[in-house]
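The structure under discussion appears below in the form of structure tokens.
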Amino acid sequence: MKEYVERLEGGEALSSEALRSLLVMPDGDASAYLQECARRVAQSRFSTSVYVRGLIEVSNYCRNNCYYCGIRKGNPEVMRYRLGKDDILECCRHGYSLGFRTFVLQGGEDPRQTDDFVVDVVSAIRALYPDCAITLSLGEKPREAYERFFRAGANRYLLRHETYNAAHYCQLHPAEMSRDNRLRCLHDLKDIGYQTGTGIMVGSPGQTVDDIVADLLFIRELAPQMIGIGPFIPHHATPFALEKAGSVELTLRLLSILRLMHPRALIPATTALATLSPEGRNRGILAGANVVMPNLSPLSVRQKYELYNDKAALGAESAEGLQALQKELDRIGYRIDYGRGDYV
Ligand code: SAH
């Protein structure tokens, strides 16, 4: 196993079988070695710094019905909200004053937040904060929409492929959605020039180790600038309410493998990881992650963007909690880097 780790670190493309064996190897010397190498690789690029991104959850209306997601259209319990332009700009103003230089606008696929609206908001943020990166995470759109957002000044786009296996994709999404359209979006985004992020939920219902191997191969091929990996966590009002959460350990394992395969990638220690385990964020960083995304949404809506049960949005997972976050990072000898943190 150590040989596989060394080959990965050396930039070699491992076979599916080798990747599979890294994923399933028992905890022990080899897995500890994997993690040490991943941490060393991350530190050689990013030192012991962690970039922060201010996450603004712009709407929890969604036209989709993804079986895992708490804000799916079919969940009648959600108190729906949608931020207006002024609300979003106020979040940016607040975030900027706290030190954020990346704003991430994420939301459900809200038909009433039209492409024109997004163009208008992005243009306004671009004009007010020329030194900031603007990241969008608004789901699947036609290529022309992505092009318009990019011309308006958006720099990055996050769109997890969720799973590369088309049959597994159908287990997670209703028939109106397709893996192929998801992949089309990702290729368009990259082609347009966005720093593009993709990723998966670890332990989503029906996921096999071979599915994860296929995800690793897909990510290797796509070579995204950002990779978001977090454990699946059930949401009580979804079809997957009774499914069990993904494994923290496997998520960490995967983070380390991805760090070795993508030494320069921006990889967050996700909120889902921090939600599932009190040490999740720090353990993610020690496994090779180098980004955290504190919540910058207005406090009045924060509980309403509930993708999964008990989603963390306060303390060190919140924009107001940067000091708390730094205190947490102190425990592992890391520090917040307030730079834009572009992919280089
Ligand atoms: N509408 C946007 C944003 C989706 S929310 C889009 O389609 O990209 C961002 C991510 O949260 C999703 O890509 C999914 O991977 C993750 N997510 C959603 N529900 C989740 C759950 N129950 N557990 C863990 N992660 C979840």
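Among the residues of the range 94-110, the ones that are in contact with a helix residue (DSSP H, G or I) (Cβ under 6 Å, 6 or more places away or on another chain) and farther than 15 Å from residue 57 by Cβ come to 1 in all.
Checking each residue of the range 312-325 against the condition of being under 21 Å from residue 36 (Cα atoms), in a loop (DSSP other than H, G, I, E, B) and in contact with a helix residue (DSSP H, G or I) (Cβ under 7 Å, 6 or more places away or on another chain) gives no match. Here the condition is being farther than 17 Å from residue 231 by Cα, of a type outside the set (Gly, Ala, Ser), touching a residue at least 40 places away in the same chain (Cβ under 8 Å) and within 15 Å of the ligand (Cβ to nearest atom); of 302, 335, 340, it holds for 302 alone. Of the residues examined, residue 237 is one that is surrounded by fewer than 20 Cβ atoms within 10 Å (Cβ to Cβ), within 15 Å of the ligand (Cβ to nearest atom) and among the small types (Gly, Ala, Ser).
Between residues in the range 14-43 that are under 20 Å from residue 263 (Cα atoms) and among the aliphatic types (A, V, I, L, M) and residues that are in a helix (DSSP H, G or I) and open to solvent by 40 Å² or more (accessible area, probe 1.4 Å), which pairs lie under 7 Å by C-beta distance while being six or more apart or on different chains? Close Cβ pairs (under 7 Å, with a partner that is in a helix (DSSP H, G or I) and open to solvent by 40 Å² or more (accessible area, probe 1.4 Å)) amount to 14/4; 14/7; 18/4; 22/4; 23/209; 30/2; 41/9.
The residue list 219, 229 contains one member that is more than 13 Å from the ligand (Cβ to nearest atom) and either touching a Leu at 6+ places or on another chain (Cβ under 9 Å) or closer than 17 Å to residue 24 by Cα (or both), which is 219.
Here is a yes/no grid of residues against (1) away from the ligand (no atom under 16 Å from the Cβ); (2) more than 17 Å from the chain's Cα centre (by Cα):
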site: 90; (1), (2): yes, yes
site: 94; (1), (2): yes, yes
site: 103; (1), (2): no, no
site: 106; (1), (2): no, no
site: 113; (1), (2): no, yes
site: 117; (1), (2): no, yes
site: 125; (1), (2): yes, yes
site: 142; (1), (2): no, yes
site: 165; (1), (2): no, yes
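The values are calculated or read from the model by the stated rules, or taken from the named source; none is laboratory data. Only a predicted model underlies this, so the values are computations on that prediction, with no experimental measurement involved. No Cβ is skipped: glycine too gets one built from the backbone with ideal geometry, and neighbour counts run over all protein chains shown. Note: areas computed on protein heavy atoms with side chains; ligands, DNA, RNA excluded. Shrake-Rupley method; radii C 1.70, N 1.55, O 1.52, S 1.80 Å.
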